[in-house]
Structure formats: C-alpha cells, structure tokens
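**Q** Provided herewith is a single structure, encoded as structure tokens, for subsequent inquiry.
The values are calculated or read from the model by the stated rules, or taken from the named source; none is laboratory data. Just so it is clear, the structure is predicted and the values come from calculations on it, not from any experiment. No Cβ is skipped: glycine too gets one built from the backbone with ideal geometry, and neighbour counts run over all protein chains shown. When the accessible area is computed, the model is the full protein with side chains, heavy atoms only, and any ligands, DNA or RNA have been set aside. Shrake-Rupley method; radii C 1.70, N 1.55, O 1.52, S 1.80 Å.
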Amino acid sequence: AIDREDFEIGIFGGIMNIEDFGSDASYGARIAYHVTEGFFVEATFGQSEASLTSFEALSGGARLFDDRTLTYYNLNVGYNILPGEGFIGEGRAYNTALYVSAGLGSTRFAGDDRFTVNFGAGYRFLLNDSVALHVDFRDHLFDIDLLGQEKTAHNLEGSLAVTWFF
C-alpha cells in the first residue's frame, strides 16, 4: 500500500535524439503531484547537447551555430492507464503503473526559445512506499528553421528515473 504522499520528486538520465543533430545524453529533474490515483500533473526540466549535422561534419568545420545546448521546461498532465502489480520472485508484489502524459513547455535551442508540445508514455515501478523507478519515452515537438526550411522537429527521448514520494 502506498502512503498518502501525493508529491513525487526525482532525477532522470537518458538519451535524446535532436532531429538533424544526432543523439546525446540527456538529464534533468521532475516533480509531480498526484491529484487522484489516476491523474497527476508534472513539471520537468531537462537538458541535452546537439551534435554536428551531416553538413557540418562533411564541410570541414563550417558551423551553423555555436550554442548546442538544448534545455526544456514542460508542464504535463498524466494518467495511469494500467495500474497494477509487478512480481519478482515468489511472494513479492510491487505496485506498478503504465501511464501516458502530454503537455506544453518551452525549449531553448540555438539561441532561441521555442514553444514545445510533448507527449509520451512511461512505466512506474514502486520499490517501496516512497521510492519508484521510471522508464519513460517522450517526443518533444517544436518548429525550427535552422537548416533553411521551417519544419516541426520531433525530438525523441528515452530516460530512466529515480523518484521519491513525500
């Protein structure tokens, strides 16, 4: 049984694929408030680094921009679509939940702030009544025109997190 702690805070690390700029490590922090057993709201901060585009790599050093840090802030709403239990060994049951989330935020990339929409899914595995592990996959979408043509970039992120309920 989970105590009445409705707040959850944690850190995460993973890999983010920044469209046209390769994949690199991502990391950040999250805080969530569980409104009911099903619904939660979550604020997330994350960061990653962009690699060189294929044009930059083949041109022998021509860079499109210098600031390659991608930083995002999101406010999401989530829903536990499959709460249940996971079993490890005989007689050991752990609370789990498969959840979906979506939200809005801001991404700072290449010196500009960009309005961002994100959505994804995750799996929460509670080790005890106050510590949980998460596996999370998200897509961060924003409009970008760095390569000469405006388009909506899909920036996929997969992460592992450790969170604490309080």
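**Q** Go through the range 153-164 and count every residue that is over 12 Å from the mean Cα position of the chain (by Cα) and open to solvent by 20 Å² or more (accessible area, probe 1.4 Å).
**A** Adding up the residues that qualify gives 3.
**Q** Out of the residues in the range 22-45 that are of a type outside the set (Val, Ile, Thr) and in a loop (DSSP other than H, G, I, E, B), which is surrounded by the most Cβ atoms within 10 Å (Cβ to Cβ)?
**A** Per the stated criteria, the residue is Gly22.
**Q** Further, regarding this structure: Considering only the range 11-53, how many residues are on the phi < 0 side of the Ramachandran plot, touching a residue at least 40 places away in the same chain (Cβ under 8 Å) and over 12 Å from the mean Cα position of the chain (by Cα)?
**A** So the count comes out to 10.
**Q** Here is a further query. Taking the range 89-112 only, how many residues are under 27 Å from Ser130 (Cβ atoms) and part of a strand (DSSP E or B)?
**A** Total meeting the criteria: 11.
**Q** So, one more: Tell me, yes or no, whether the range 129-152 has at least one residue that is open to solvent by 60 Å² or more (accessible area, probe 1.4 Å), more than 23 Å from Ser23 (Cβ to Cβ) and touching a residue at least 24 places away in the same chain (Cβ under 8 Å).
**A** Within the range 129-152 (the criterion being open to solvent by 60 Å² or more (accessible area, probe 1.4 Å), more than 23 Å from Ser23 (Cβ to Cβ) and touching a residue at least 24 places away in the same chain (Cβ under 8 Å)), the answer is no, since none of the residues qualifies.
**Q** Might you let me know whether the range 140-154 holds any residue that is over 16 Å from Ala43 (Cα atoms), at pLDDT below 90 and among the polar types (S, T, N, Q)?
**A** Looking through the range 140-154, at least one residue is over 16 Å from Ala43 (Cα atoms), at pLDDT below 90 and among the polar types (S, T, N, Q).
**Q** Do the conditions hold for Glu85, that is, is it modelled with pLDDT of 90 or more, open to solvent by less than 60 Å² (accessible area, probe 1.4 Å) and charged (D, E, K, R)?
**A** It is false that Glu85 is modelled with pLDDT of 90 or more, open to solvent by less than 60 Å² (accessible area, probe 1.4 Å) and charged (D, E, K, R).
**Q** Are any residues in the range 1-21 within 18 Å of Gly120 (Cα to Cα), outside any strand (DSSP E or B) and either at pLDDT 95 or above or β-branched (Val, Ile, Thr) (or both), and if so, which ones?
**A** Ile18
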